[in-house]
1. Assuming Lys677 fulfils every condition listed in (1) in a helix (DSSP H, G or I); (2) within 18 Å of the chain's Cα centre (by Cα); (3) more than 14 Å from the ligand (Cβ to nearest atom) apart from one, which condition is it?
2. Residues in region 714-733 that are acidic (Asp, Glu) and either touching a residue at least 12 places away in the same chain (Cβ under 8 Å) or open to solvent by less than 60 Å² (accessible area, probe 1.4 Å) (or both): how many?
3. Just one of the numbered conditions (1) outside any strand (DSSP E or B); (2) over 29 Å from Thr484 (Cβ atoms); (3) open to solvent by less than 20 Å² (accessible area, probe 1.4 Å) is not true of Gly214; which one?
4. Determine which single condition Phe89 fails, assuming it passes every other condition in (1) within 16 Å of the ligand (Cβ to nearest atom); (2) open to solvent by 30 Å² or more (accessible area, probe 1.4 Å).
5. All but one of (1) open to solvent by less than 20 Å² (accessible area, probe 1.4 Å); (2) within 24 Å of Arg184 (Cα to Cα); (3) among the polar types (S, T, N, Q) hold for Gln120; state the number of the condition that does not hold.
6. Kindly indicate which of Arg395, Arg405 is farther than 21 Å from Tyr143 by Cβ, surrounded by 23 or more Cβ atoms within 10 Å (Cβ to Cβ) and over 23 Å from the mean Cα position of the chain (by Cα).
7. When the residues of region 755-805 are filtered to those that are among the aliphatic types (A, V, I, L, M) and not in a helix (DSSP H, G or I), which remaining residue is surrounded by the fewest Cβ atoms within 10 Å (Cβ to Cβ)?
8. Working only within region 277-325, note down all residues that are assigned to a loop (DSSP other than H, G, I, E, B), under 17 Å from Tyr231 (Cα atoms) and within 16 Å of the ligand (Cβ to nearest atom).
Amino acid sequence: MVKKSKSGQSSAGVNFGSRADLSIEGLRRTFREHLYYTQGRFPDGATRNDLYMALAYTVRDQLLDRWIKTVEQMGREDHKVVSYLSAEFLLGPHLENNLINLGIYQKVCRTAEEEGIDIQAIFDQEEEPGLGNGGLGRLAACYLDSLATLEIPAIGYGIRYEFGIFDQAIRDGWQVERTDEWLRLGNPWEMARPEIAYQVNFGGRTEPYEDDQGRYQVRWIPHRTVKGVAYDTPILGYRVNTCNLLRLWKAEAVESFELEAFNVGDYYRAVDEKIYSENITKVLYPNDEPVQGKQLRLEQQYFFVSCSLQDMLRIYRLLGGELSRFASRFAIQLNDTHPAIAIAELMRLLIDENDMDWSTAWEVTCNTFGYTNHTLLPEALEKWPVDLFAGLFPRHMEIIFEINRRFLEEVSSRFPGDEERVARMSLIDESGGRYVRMAHLACVGSKAINGVAELHTRLLEEDVLRDFYDMMPEKFSNKTNGVTPRRFMVLSNPGLSRLISGKIGDSWVSNPEELKQLENFVDDGAFREEWHRVKFENKRKLSGLIHARTGIEVDPSSLFDIQVKRLHEYKRQHLNVLHIIALYNRIKQDPAYDLCPRTFIFGGKAAPGYFMAKRIIKLINSVAEVVNRDPDVAGRLKIVFFPDFNVKNAKFVYPAADLSEQISTAGKEASGTGNMKFSMNGALTIGTLDGANVEIREEVGVENFFLFGLTAEEVCSLQKNGYQPFEYYQSNQELQAVIDRISSGHFSNGDQELFKPLVDSLLFHDTFMLFADFGAYVNAQKHVDQAYRDQERWTRMSILNTARMGKFSSDRAVREYCRDIWHVKPAPVALE
Ligand code: F58
């Protein structure tokens, strides 16, 4: 083992030199060196990006020793490694987070100030890796943070998209998408590992043959081969030495292809081949629902899964163990079904390429995988046309058919004569067209299946995956989501974090259950005043940003009512809009109407092809146009659509909220994680009994949560009994006036067509039951209005929200996965 002496000289003779020196002088020197030797600049000629790059490299130097030791340790015997397979990692900027985790944030800020460097401007320079759509991708990033913080050896495996989630601009009230060129100025956090590369095959056919020992074997003769190259990013834990690995794969052309074409003089074919291969990791699909039938998407999934499994097998071989014991060294978690083809791929690698027999391979596979489901929407369950699947992966198709044959035999013997059940549970949907059901594959090939909130898990067991729960209840468990308090409190809300640490010390950062101690201070008037002051300061900051980005002036002393999340009908941003219009109508009708001044803030991206979601954005902006200009409501209502909501902006949004809108139709939002980020930062929630709202309400106390709306069961039975939204429209005058106001063209310069599709969909279908919940929602909002008038009471509730949110730390969630699913233990890393 390499040991390091105090001087930075390692016992193996490697001189770590000044670069791993955490002293101010050391950091200063390393920074100057990078500016000169890495960026090629004198301080005078340095651009902001040069300064950012030099600082990022300076910080990365601090991680390297830890990183190498952590990876080295993974290779030692008794440590089991968690492999988190996810098509998305929505990481957010690295620099500030690493400074916090290293414990040098203040030091670096002070030093920069002394040097006359605007450190905020440098932080702002960082492009965030937006390699995810929303909750699922951000959850993966939070779990990486917690795995490292808990000192669990882990590798995140995913895709290095050249273009992440699009940047959103608003033009004339509509969303406009722009490509996200996050790699344009370079990425100092990643290291290319060209020597870690694997071949991934596509298409072609299979061929049976007899091996030297006379055994039946199958070989895959592919049509096309692509190379996956590893790009590694260090993921440091909070105040620990563990620095895990995020390994993302980039697709490249296989050299032999290029050469072959080149040699026969076909230069263009060689280039085409290269472009075609590189396409696989070009762009993240920007949908928050699966894209069915898009070949490139399926190729992306298989591409990263195959590279990752080949990588694990390589690492495993280095350790020299029996392949049949693979599951004792790797626990692989499938973040939804996007990597579920891994089950067939591991079988293929074990059987076809490592000579293992089917039953041993199946045992290894079933003991290795865990599957997390993230959705309850039936239309969001991933399935692929058999023809497409078999065309791309002929060998995997055969393996899946065989898995299915054996599995359905089991189903039949457990439930004799129940042919309907057999059809329902089959890995192949034959109810109209033939599709591979990825969730069924994941359930059959995993030893553990989990939902992401108590309600969600219960609904999986009772409804979406009921047959599987019937047959194998022991596989199911709940793992309520969590978020990292490092990024979402310490980094985002330094004011509140300082205030908290001043009262209870700072060990809450890795142990947020300790926030409970804040309850002792709710009666302390001075503390409440400080709390209020911090919140106000956060609102002032956000107001500045809103002004800079939209030109809209907002009043930080008004109630900040915020809904930020992907745009989706089930999330019901338009229910929020209906309430705003109701308030507007009340004021128009009665100019003296007594209303606590409110600023409604929205943010979130719509999938580019999602017609209704884009129209909801337009509606929000159109209502904002009219309301913000109307002198009758001036000083009482303001509406803002904050463009391009992402991890970087989120930092200013969550800490500035008074009210968090979590208003999805009950039974539709698997968990939600924004709900947790708001509440941790002292926002009160107005919400339905959906996803993790249920547990948040239980934790913070029912008196500190504004509840409204139908329960999941009520939604279900109303749907069954024939829901008639039009009847609500007819019987609720306020709702009628709101809808009529939209239909009249009041918010669209008289254009009665613009919002007709939205209005008609509500009047005649209202799939997500906005009308059924409208009355209760408006009523709950009335309670919010009343409560906010009593600032003392509001601040108490705000403190209690933060104090009682410890459960929703991703550390707690990851500990549960470690205990119940992965069976892994912390393996602290020693530097000395
Ligand atoms: C989200 N899913 C859930 N999917 O909607 C949310 O309730 C939950 O809190 C979160 O996962 C974490 O568990 C989600 O974000 C996607 O974005 C997928 C991207 C790829 C296509 C399919 C949807």
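The values are calculated or read from the model by the stated rules, or taken from the named source; none is laboratory data. The structure presented is a predicted model; accordingly, all values stated were derived computationally and were not measured. FYI the Cβ positions are ideal-geometry reconstructions off the backbone, even for glycines, and counts take in every protein chain you see. Just the protein is used for accessible areas: all its heavy atoms, side chains included, with ligands, DNA and RNA removed. Shrake-Rupley method; radii C 1.70, N 1.55, O 1.52, S 1.80 Å.
1. Of the numbered conditions (1) in a helix (DSSP H, G or I); (2) within 18 Å of the chain's Cα centre (by Cα); (3) more than 14 Å from the ligand (Cβ to nearest atom), the odd one out for Lys677 is (3).
2. Step one: filter region 714-733 for residues acidic (Asp, Glu), giving 714, 727.
Pick out the ones that are also either touching a residue at least 12 places away in the same chain (Cβ under 8 Å) or open to solvent by less than 60 Å² (accessible area, probe 1.4 Å) (or both) and you get 714.
Number satisfying all stated conditions: 1.
3. Answer for Gly214: the failing condition is (3).
4. (2)
5. Gln120 satisfies every listed condition except (1).
6. Details: Arg405 fails: surrounded by 23 or more Cβ atoms within 10 Å (Cβ to Cβ).
None of the others qualify; the one that does is Arg395.
7. So in region 755-805, the residues among the aliphatic types (A, V, I, L, M) come out as 758-759, 762-763, 769-770, 772, 776, 778, 780, 784, 787, 797, 799-800, 803, 805.
With the extra rule that they be not in a helix (DSSP H, G or I), the set shrinks to 769, 805.
Working: Met769: 24, Met805: 27.
Only one residue tops the list, namely Met769.
8. First, pick out the residues of region 277-325 that are assigned to a loop (DSSP other than H, G, I, E, B): 282, 284-294, 320-322.
Next, from what is left, pick out any that are under 17 Å from Tyr231 (Cα atoms): 282, 284.
Leu284, the sole residue that qualifies.
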